[in-house]
Structure formats: structure tokens, C-alpha cells
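Enquirer: Here it is, the structure, as C-alpha cells.
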Amino acid sequence: MLSNKRTYLIKTSENELSKFYIDNKKLASEKFIQGKKVKEFILKEDIMNYALDVDKKGNVHLIYITCDGILNYTVYSYSAKHFNIVTIKDNFFPDTLDIKAIEGNIHIFYKTSNLYKNKSLLCHYYFYNNNCLDEKMIEINCPKYICPYFLDTNENNIYLLYCNDYYRHKYTIKKFNLNSNSWQDFDKNISIENANSLNFFINPHNIGIISYNKSINKNIETLIKYKDFNNSNSTWSKDIVISNNALNSFKPLIFYKENYTYIMWIHGNNIVYKFSDTLTHWSKEYTLNTNENNKGTYAYIYTIPANPNFKINNMYTYCIDHIYSLIQHKLENPHKLNTPYKLNNINSPIYKLPSNNNNLHFNSSSLSKTNYEETIREKNKTIDKINSMNSYLLSQINLLKNDLSDCESTIEKLKSDKLKSEQKLTNDIISYEMEIHNLKSKINDNLMTKNNNIQSLLKIIEEKETTIKNLYNLLKK
């Protein structure tokens, strides 16, 4: 969600997939049939950011911000439906954008980034009786590079998990009910210490799950905690460590299928996952060998057929084929799809590099075959750790690149606004100078008229005095 120019994948039928993304300020779409691209086209141009959702009828509800700062809403299937929501002020320009289309209700969220320090403002727009209503909901206290809020839905409720004090590890959940059109505090006392790559998911049985990464004993682990949202007296579970405690794991994601909850994470160039039907007892680890160094996180929307026993919000991959391998197969029997991935035990710190003093010397007289194999295993462990760290650093670099792109776009917009402002000021100056020139001309004209009038008046006075003098002389005679 942070600077969320995310890529969306929409599964509209058993064999069809649509992909939406921004490229060079152009909102583009691609269509895939059985994993092969068959169509590509541009939807909108001069776009800063966008988000979309799909209703049960398959209509794509799209919101986007233009380079002029205008937030628009449209229904992709019906060009007649188009609304200008609001013109964003420069000092409150949004850095996140989300939309939820539920039972004919449209809800739009965005976060501004220019309040003060790490605080920002979350805004909510929704349609009610054909009117667009807006709410400036909450202040969020969270660093710039941490995702500040998460949205998920279940039945007629929207759940918002947000960070109200990152440095005190405090999170809050608010719930919006579509029937009453009102927000309420659902859970105000959630504590998650030192969490990274946090993810929020509500399964079809209304169980809330939070997954995240955390550094434990110098390794980056994947953990979860969960709560039954059906029971008002329910409390959050203790933190459950899902990943192997000897290897680094990154970017955990959650999805639900056929009564099983799946937790996935990235390890090196692989996607590793576990599954559970209780959330307390988890399977062993399995892997998908993607051979991809860079795994993007896609928002994944599964629309047809409607399946109450399946839910997925996000998936990572740059390869469409992996989507099919993950979704279309029965992952509750993952050994039919993948070979079990035995994760090795590594006790050394994640930042520990191979020592230059421990080079391999192939001397059969002093080193046995067993020692060679043990040394190779240790080297492989270190390589795995370095690869994992490189993968994590690469993901952070990509985030920074996205932020850099956002900053460059903002600078470009500010330059454009500055140019427009300077042009307007120049035009105003020219206009005022013309007005001053006209006023001076009028003043000069009036002065000349006044002088002429004075001269005429003096002449009349002189003539009058002459007449009086002549009359006086006559009387005197």
C-alpha cells in the first residue's frame, strides 16, 4: 500500500487473467488466456497512482489520481459511470490509494503524507444516496517506509488495521458496517513489537490473522497471531513462529483454500509455504522453485466462480504461470505438486560472511572426505544466508526506487505548478502594468484638460478685469 502503484491480477474466468499496472504514467492492461498474453492496451494517461477492485458481477471499479491532482472514480465496464471525487491540495497529496467494492457500495481510502514528522492523515470517501461523502478519519503515526494501514472485508464489514504509534508498537482495528454506514472501534489494544512486512487477512470464517517478519536471534522469522472476530470476548493468540528458525524469511503472505490457511514467504530465490486447518499446528515446509531473483507482490483478485471456501488478496511473482500452479492445484496435498524442501539448520548470524582464513585446501593427507563435505555444507549454508539477505536488500532497494519515482513525479508536478504559477504571475504583472499605463494616460489627459480649463478661466478673468476697468473709466468720465 505504501506508494502503492501495485500491479493487479484479476482472474475473470477459469482460463482468463487480466493484469493492470502503471508504466511511465500510463495505466495499462494486459489480457492472458491460459498464461499467454493475447492483448495489451492503454486505459489512461498522465496517471500518478491508481487502485481497483472487482464486484461480484465482474465490474472493475477503478480510482486514479491524475498529474493535476484530480481523484477520479470510474467503472471500467461502463464508460458512462465517471465521477470526479475531489481535487487534492498540493500539501495533502496522497501516497496510498485503495478502493473496496462490496455489495454495490464503493469505499475509497487514501493517506496524505504532509502533516508533520511521521504523522499522516487517512481519508475515507463513500457514496450514499447518490452523494459522495468524505471523512477525515484518523492520524497515523508511522515512519515513511512502513506500510501504515491494511484493509480487508468480510460480509458487510470493512476492517481497517492501522498503526497509531509505531514506536510504542501500538495498532488499532476499526470496523465499518455497510448497513449503518458508521465506524466503530473494534480492537484498540494490539501490540506487535518490531514488525516488518506486516500483512492483515480475514478468512471466510471471520478469523483475523496478522502475519509479519521479525528479527529473532539475528535471523528474520515469519510469525502470525490470530483472533476470532465472531466472539467479542476473544483475544489475540500468542505470537506463533511459522518459519524455520535457522533461515531468513521475507514478505509473508496469506491465503485460504478448502479449509486450509496457507502462509507463504520468500527464502532466497524460492517461495516457501506451510498450511494448517487449526492455525496452531502447521505442516512441514514446502517450496516452489521459481528461480526468480526479484519477486513482485501483486494484488490478486479472484472473481469467478464465487467460492466461499477460497480467498486470496495478494500473491508474489513476475511469472503468470506461478499463479496457476499455486491456485489451480490442490495445495492441501502439496507433495503432489512439489518435492518437500528440507531446510538446513544454520546457527551463524545472518551478517556473518565466510572468513578469509578458512579457505579450502585440497590435501588428502590432512583432510578427510567427511571434512570436505562438512565444509561444503557450511559454505552452502553461508551462501544461502547471503542470498536471503541479498533478496531482502533487493526488495528494499525496489521500495526505495518506488519512493524515488514518487519523489521525482512530485518534483515534476511542483515544477509544472511553479511554471504555471510563474506564468500567471507574469500575466498578472503585465495586466497590472497595462492598467497602470492606462491610469497614467488618464491622469495625464485629466491634467491637460485641467490646465486648459485653468487657462480658459484665467483668460475669462483677465477679460472680465479689462471690462471692469473700461466700465470704471466710462463712469469716471
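Each reported figure results from applying straightforward, stated rules to the coordinates on display, with no laboratory input. Treat the numbers as computed from the prediction; the structure is a model and nothing was measured. We place every Cβ from the backbone using ideal geometry, glycine too, and count neighbours over all the protein chains shown.
Enquirer: For a footprinting-style exposure proxy, rank Cys147, Cys407, Cys67 by other Cβ within 10 Å, fewest first.
Expert: On the way: Cys147 20, Cys407 11, Cys67 14.
Ranking Cys147, Cys407, Cys67 by Cβ neighbours within 10 Å, fewest first, gives Cys407, Cys67, Cys147.
Enquirer: Amide H neighbours of Ile140 under 5 Å, counting only residues 5+ apart in sequence or on other chains, H built in-plane at 1.01 Å?
Expert: Ser120, Leu121, Leu122
Enquirer: Let me ask something else. Taking the Cα centre of the range 105-195 as the origin and placing charges on Cβ (Lys, Arg +1; Asp, Glu -1), which of Ser120, Met137, Asn157 is farthest toward the positive end of the dipole?
Expert: Ser120
Enquirer: The range 197-217 to the range 219-288: how many Å between their Cα centroids?
Expert: 7
Enquirer: If Lys and Arg each add +1 and Asp and Glu each add -1, what is the summed charge of the other residues whose beta carbon sits under 12 Å from the beta carbon of Lys469?
Expert: Working: positive: Lys464, Lys476; negative: Glu462, Glu463, Glu465.
Here the charged neighbours net out to -1.
Enquirer: Cut-off is 10 Å between beta-carbons; in what order do Thr375, Thr235, Thr112, Thr222 appear when sorted fewest neighbours first?
Expert: Working: Thr375 14, Thr235 10, Thr112 19, Thr222 28.
Going from sparsest to densest Cβ surroundings: Thr235, Thr375, Thr112, Thr222.
Enquirer: Further question on the same structure: What net charge do the residues around Asn307 carry, taking every other residue with its C-beta under 10 Å from that of Asn307, with Lys and Arg at +1 and Asp and Glu at -1?
Expert: Every neighbour counted, the sum reads +1.
Enquirer: Counting other C-beta atoms within 10 Å, which of Asp187, Asp95 has the fewest, and how do the rest follow?
Expert: Asp187, Asp95
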